[in-house]
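Student: Got a structure for you, written out below as structure tokens; questions coming shortly.
Every number here is computed from the coordinates shown, using simple stated rules; none is lab data. The shown structure was predicted, so the numbers you read here are calculated from the model rather than taken from an experiment. Cβ placement follows ideal geometry from the backbone for every residue including glycine, while neighbour counts extend to all protein chains displayed.
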Amino acid sequence: MPDTDAPRPAARPLRIGDVAPDFIARSTAGPVRLSDFRGKWLLFFSHPGDFTPVCTSEFVAVARAADRFAALDCALLGHSVDSLFSHLAWIRAIHDDLGIAIPFPIVEDSSLEIAHAFGMVDATSHNAASVRAAFFIDPEGIVRALTIYPLSVGRSVEELLRTLAALQRTSDGSAMTPEGWTPGADILLPPAMLAGDALAAKTSTDWFYALAADEAAKDKAK
């Protein structure tokens, strides 16, 4: 019989390019397997507890933007270490008092197993104070970006949407996005990597800093 008091083996935090750990868990929409989301983008975002003010504001904002995520072919999956019963009571309170229905599943993780697998807590953690991460997972199940916030600072849904759109636009390697990029704005062309290209460039920055109109966005708009 396994020693339930034994510390878990160390789990390093996930990094960009890692395969998202698969899991099966109960959720507010029934059993969920992470790998069932393969084939589309997924925003997997976690919070340290139900009935908390910052997380409530985030879930309301994400719910209101659910159609915008769907338009980008991105599924939403919430996560908390609280029990399924707590999740259900929380979404009922949000619905009754704030008038918002939460349209995406929220998985339970009372044992911290999912939080541990995703590197949100370390082997000695017994609480969820650090479970404030969001993982952008591509259709192949690869972590393409992640964010981690403290308990007191709410995440920006607009920035989550912007990051998702930028990841999708750059996924084929044909473009990079500059600071503050939004869909339809100018893109950055990948830099030249040969000395001859750098020497042949018209200016000293042309070979590594070339803004260009996003022709792909124009074609999509037609």
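Student: Among A145, H79, A89, whose Cα sits farthest toward the positive end of the charge dipole of the chain (+1 at Cβ of Lys/Arg, -1 at Cβ of Asp/Glu, about the Cα centre)?
Tutor: Working it through, the farthest residue towards the positive pole turns out to be A145.
Student: Then there is this: What is the log10 of I(q)/I(0) for segment 22-80, computed with the Debye formula using one identical point scatterer on each Cα and no solvent, at q = 0.13, 0.22, 0.23, 0.26 Å⁻¹?
Tutor: Once normalised to I(0) and log-transformed, intensities are -0.36, -1.00, -1.07, -1.22.
Student: May I pose another question? Mind listing the phi-derived Karplus ³J(HN,Hα) values for segment 18-24, rounded to whole Hz, using 6.51, -1.76 and 1.60 with θ = phi - 60°, and x for any glycine or proline?
Tutor: Values per residue, Gly and Pro as x: 6, 6, 5, x, 6, 7, 10 Hz.
Student: Quick check on the chain: of the DSSP beta bridges with both residues there, what percent are antiparallel, nearest 5%?
Tutor: Around 60 percent of the beta bridges assigned by DSSP in the chain are antiparallel ones.
Student: Where nothing but the Cβ of Lys and Arg (+1) and of Asp and Glu (-1) is charged, how large is the charge dipole of the chain around its Cα centre, in debye to the nearest 20?
Tutor: So the dipole magnitude of the chain works out to roughly 280 debye.
Student: Could you please report the charge total around S110, scoring K, R as +1 and D, E as -1 over all other residues with beta-carbon less than 14 angstrom from its beta-carbon?
Tutor: -4
Student: Separate question: Please check the chain for the longest run free of GluC sites (Glu not before Pro) that are loop-located per DSSP (anything but H, G, I, E, B) and have at most 13 other Cβ atoms within 10 Å.
Tutor: It works out to 1-139.
Student: Largest first, please: the extent of the C-alpha atoms of segment 24-168 along each principal axis, to the nearest Å.
Tutor: 39, 34, 30
Student: Counting pairs of alpha carbon atoms under 8 Å apart in space and at least six apart in sequence, what relative contact order in percent does segment 24-168 give?
Tutor: 32 percent
Student: Considering Cα pairs under 8 angstrom that are at least six residues apart, work out the relative contact order of segment 172-222 and quote it in whole percent.
Tutor: It comes to 35 percent, rounded to a whole number.
Student: Scanning the chain for chymotrypsin sites (Phe, Trp or Tyr not before Pro) in DSSP loops with at most 14 other Cβ atoms within 10 Å, what's the longest stretch left with none?
Tutor: By the stated rule (loop sites, at most 14 other Cβ atoms within 10 Å), 52-208.
Student: Could you work out the local net charge near P139, counting Lys and Arg as +1, Asp and Glu as -1, over the other residues with Cβ closer than 13 Å to its Cβ?
Tutor: The answer is -2.
Student: While we're looking at this one, here's another question. Can you give the charge dipole size of segment 172-222 about its Cα centre, rounded to the nearest 20 debye, using +1 on the beta carbon of Lys and Arg and -1 on the beta carbon of Asp and Glu?
Tutor: 120 debye
Student: I'd like the FRET efficiency for S57 and E179, computed as 1/(1 + (r/R0)^6) with the beta carbon distance as r and R0 of 22 Å, rounded to 0.05.
Tutor: Calculated value: 0.25.
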